[in-house]
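> One structure is given below, represented as structure tokens, and several questions about it will come after.
The values are calculated or read from the model by the stated rules, or taken from the named source; none is laboratory data. Owing to the predicted nature of the structure, the values given are computational and were not obtained by experimental measurement. So basically every Cβ, Gly included, is an ideal-geometry build from the backbone, and we count neighbours across all protein chains shown. Accessible surface areas use protein heavy atoms only, side chains included; no ligands, DNA or RNA. Shrake-Rupley method; radii C 1.70, N 1.55, O 1.52, S 1.80 Å.
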Amino acid sequence: MEIPAKYNPSLTEDKWYKYWMDNNLFHSEPDEREPYTIAIPPPNVTGVLHMGHMLNNTIQDILVRRARMLGKNACWVPGTDHASIATEAKVVSKLRDAGIDKNLLSREAFLEHAWEWKEKHGGIILEQLKKLGASCDWSRTKFTMDSDMSESVIKVFVDLYNKGLIYRGVRMVNWDPQAKTAVSDEEVNYKEVQSKLYYVRYKVEGVDGFVTVATTRPETILGDTAVCVHPSDERFRHLHGKRVLVPLINRSIPIILDEYVDREFGTGALKITPAHDINDYTLGDKHHLETIDIFNDDGTLNENAQLYIGKDRFEVRTLIVNDLSAAGHIVKLEDYINNVGYSERTDAIIEPKLSMQWFCKMDNLVKPALDNVLNDNVQFHPPKFKNTYKHWMENIKDWCVSRQLWWGHRIPAYYLPEGGFVVAETAEEALGIAKVKTGNRNLTLKDLRQDEDVLDTWFSSWLWPLSVFDGIRNPDNKDINYYYPTDDLVTAPEILFFWVARMIMAGYEYRDEKPFKNVYLTGIVRDHLRRKMSKSLGNSPDPIELIKKYSADGVRVGMLLCSPAGGDLLFDESLTEQGRNFGNKIWNAFRLLESWNVDENIPQPEYAQKTIEWFNHKLNCEIENINDLYEKFRLSEALMAVYKLFWDEFSSWYLEFIKPVYQQPIDKKTYDQTLEFFENLLKLLHPFMPFITEEIWHLIDERKPGQSIMIERMPVAGAYNENLIEDFEFTKETISAVRNVRNANSIAQKEVLNLLVKGEYDKEFDACIRKMANLSEIKPTETKIDGAVSFMVKSAEFYIELGGLIDAEEELIKLNEELNYYKGFLDSVMKKLGNERFVKNAPDSVVAVEKQKKADAETKIQMLQDRIASIKKS
């Protein structure tokens, strides 16, 4: 078969992915083999592939492909997440562009639009993952709102409610005025913002005088129900028991005393707005204050504010400061930097808001999830995240699980005509419970009103490793019993609490077992300025375009080359180019092998036999090393180990050693062994570079239909001799030294040289040295050879008699120039070491470096002087 001069990934990648799919090679069913399972972190159904997905899924595919080649029954379950907030926002935007107002639609009509949008756009990211080479079992693809997945979610809500772990109540929540829904604490990003601190004075009721408070949110003054001072603050002792008037609206509110107040902040007096600040809410509850909510769900002011009704909160901030100033209430303004919470989904500034919501009690769920991470039953890679996890779990709050949206799993609570509610998996079950609860046998489904809210997206995602195998609805089915717990989870540290912690909780709650054995936490993909890659910054390349330019294999290698476990990835496009170039190196090495003529009748040369012996030991040693790196999840290092083994050891050394003389054949024994080595290297490379390895593996030999390198066995490390490997390093150093002599003296490789050696060294690989250095012989000598060029490798001293191969006069000029340079260098070092202040004050390590420079320069000078003397003698 004619091997193309250049590897064409655009042809091979589609060809081999179709081959894998057509032959069902990604599919898994329970059998007698050891399972290896990964449940993909489901990307948002709204999403398209970004650099974070590329990194995450490349790592997963590497792990899955390797497991397959270790003989395990590998199952990688793909799927997407319904992403309540993000998807609803996309659909609302689409409707708005079409001139349709969501608020004028019924729930059913809106959901029809949402499902239509999902069917049109929902599969894009999964199709893009195929371009990357993701070997998912696509027949198992799940969507968090599939009917079976939804049933699991509702079943768990009802179960937790019946256990007393789900409850409904008014609490202070993080309100997203843009999405018009509550979000959890973990979905709030805090940013440092340059703000103003407004000093506002409140008139003391009934007497002359004012109390000045400092606030960053003057728009909430209209909801104030108290001013609070520290009971021990002498500045305000005369105001104990007094009342003040809220500026502009003159509502009378008490001055209360509480040690919560920081006397150093602002003036030492705080305005208290229980409806719009979590700390104020706590104080209001403690002191039985009135709660006045002045905001509508969209962040505009309502009638309770009395002023600025219908205007946006930030517009009101400007208006009220102007009006306060005009009324003489503004004392001063100061620049102030504070942390402001933003919604992770919409980037709207969060509004603390009292709201009736559904919550999940976390106390009982936390303990096993914390214990089993701390005892390494679930292992984090890198382990530094254990402390972060521990801190969060020990300070966890109840989880607000309701969202004021339509897209998602509707909360299965049904309100009764006479008040109260029941919780059930279906409306029919709810009706039965309602009849018993009320004693009214005449109730009908029309009398029940289902809760309008949906569940937090994470309330379905936390069940993912269970629900993808139907472990909630059918807890004893063959899939869940075989594939659970899964093996490895690959995800980002920023969803350690959103998702990872909650999956561990759900695993122990519903199977009394961990959901996965290892959590590999990737870093964030950043640009060269260390900025997170994002569309909004315009600093993120399109992954599909990268694949077109550098090949899927090239991009996979490039991503891994700059990806330490748990450390941020500083993406550099040149690394994907390096990945592509590595693919070309592999291809060219194969073409070189295929270009050789094989002669079955010629014997194997000694140098080839010795080189094969060395590489076999080296290969076994590296396989053991690579396996160890995989076990430690040091995948970048594992790739680099394979990379160097192929490029440095196999291509640069092994092939050069065994390569036949130009236009001469190679013996069959050496050729067959070389092909075997090459095939083993392809197998080691396959998890990282699946496409080019499959292409070459099929070109090496005729394969049967359905055969694939991806289901071949990974090479197993055999015995190896470290001393033999080390001896061969001596051989390589010797060859390099001879080549340096040739280069320094402009001696062509075709010129045969004699090599003499003084001292002890292992002669086992002499045949290899003779071949690669083009030597007539290597023979021992007891004395130094005058007129010869010398070099040392370890303790052995080598001599090459150049005779008439060099011009003595030119060589002496060159050597004297080099000698003068080193003498000058030694003088500068000696001046430093002769400086008493330097030696006394410099760190010991710095002085040691200078002393080493002195010793090295003296050694070099002595060698040059000896060489000059030797040439003059001859």
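> Could you check L25 against (1) at pLDDT 95 or above; (2) open to solvent by 10 Å² or more (accessible area, probe 1.4 Å); (3) touching a strand residue (DSSP E or B) at 6+ places or on another chain (Cβ under 9 Å) and say which number it fails?
Only one criterion is unmet by L25, namely (3).
> Shifting gears a bit: Hey, which of the strands (runs of 3 or more DSSP E) in segment 165-265, taking only ones fully inside, have at least 2 residues that are among the basic types (K, R) and at pLDDT 95 or above?
188-204
> Across segment 134-149, what is the total count of residues that are touching a residue at least 60 places away in the same chain (Cβ under 8 Å) and not in a loop (DSSP other than H, G, I, E, B)?
7
> Only one of (1) in a loop (DSSP other than H, G, I, E, B); (2) open to solvent by 20 Å² or more (accessible area, probe 1.4 Å) fails for G471. Which number is that?
Condition not satisfied by G471: (2).
> Considering each of N581, N625 in turn, give the residue that is closer than 23 Å to D727 by Cβ, surrounded by fewer than 19 Cβ atoms within 10 Å (Cβ to Cβ) and free of Cβ contacts under 8 Å to residues at least 60 places away in the same chain.
Residue meeting the stated conditions: N625.
> While we're looking at this one, here's another question. If you take the residues of segment 848-862 that are among the hydrophobic types (A, V, I, L, M, F, W, C) and surrounded by fewer than 16 Cβ atoms within 10 Å (Cβ to Cβ), which of them is nearest to D827 (Cα to Cα)?
A855
> Regarding segment 543-553, can at least one residue be identified that is open to solvent by 30 Å² or more (accessible area, probe 1.4 Å) and under 16 Å from H53 (Cβ atoms)?
Yes - at least one qualifying residue is present in segment 543-553.
> Looking at (1) over 17 Å from N338 (Cβ atoms); (2) in contact (Cβ under 8 Å) with a residue 60 or more places away in the chain; (3) open to solvent by 10 Å² or more (accessible area, probe 1.4 Å), find the lone condition where G223 falls short.
(3)
> Out of all the residues in segment 474-493, which are within 19 Å of H50 (Cβ to Cβ) and either outside any helix (DSSP H, G or I) or out of contact with any helix residue (DSSP H, G or I) (no Cβ under 9 Å at 6 or more places or on another chain) (or both)?
V490, T491, A492 - these are the residues of segment 474-493 that are within 19 Å of H50 (Cβ to Cβ) and either outside any helix (DSSP H, G or I) or out of contact with any helix residue (DSSP H, G or I) (no Cβ under 9 Å at 6 or more places or on another chain) (or both).
> If you don't mind, another one. Can you name the residue in segment 62-84 that is over 24 Å from I480 (Cβ atoms) and in contact with a Leu (Cβ under 7 Å, 6 or more places away or on another chain) and, of all such residues, is surrounded by the fewest Cβ atoms within 10 Å (Cβ to Cβ)?
The qualifying residue surrounded by the fewest Cβ atoms within 10 Å (Cβ to Cβ) is I62.
> Among the residues of segment 83-133, how many are under 30 Å from S10 (Cα atoms) and assigned to a helix (DSSP H, G or I)?
13
> Condition (residue is open to solvent by less than 60 Å² (accessible area, probe 1.4 Å), closer than 16 Å to S152 by Cβ, outside any helix (DSSP H, G or I) and in contact with a Leu (Cβ under 8 Å, 6 or more places away or on another chain)) applied to segment 428-449: is it met by at least one residue?
Within segment 428-449, none of the residues are open to solvent by less than 60 Å² (accessible area, probe 1.4 Å), closer than 16 Å to S152 by Cβ, outside any helix (DSSP H, G or I) and in contact with a Leu (Cβ under 8 Å, 6 or more places away or on another chain).
> Here is a list of conditions, (1) of a type outside the set (S, T, N, Q); (2) open to solvent by less than 10 Å² (accessible area, probe 1.4 Å); (3) in a loop (DSSP other than H, G, I, E, B), and G284 meets all of them except one; can you say which number that is?
(3)
> I need the full set of residues from segment 673-707 which are surrounded by 19 or more Cβ atoms within 10 Å (Cβ to Cβ) and in a loop (DSSP other than H, G, I, E, B), in order please.
Selection gives H686, P687, F688, M689.
> Return yes or no: is E622 under 17 Å from H686 (Cα atoms), charged (D, E, K, R) and out of contact with any His (no Cβ under 7 Å at 6 or more places or on another chain)?
yes
> Here is a further query. Considering only residues of segment 773-797 that are closer than 17 Å to Q865 by Cα and in a strand (DSSP E or B), which is modelled with the highest pLDDT?
Per the stated criteria, the residue is E797.
> On to the next question. Say we look at segment 786-826 and pick out the residues that are of a type in the set (F, W, Y) and open to solvent by 50 Å² or more (accessible area, probe 1.4 Å); which of these is farthest from N754 (Cα to Cα)?
Filtering first and then ranking leaves F825.
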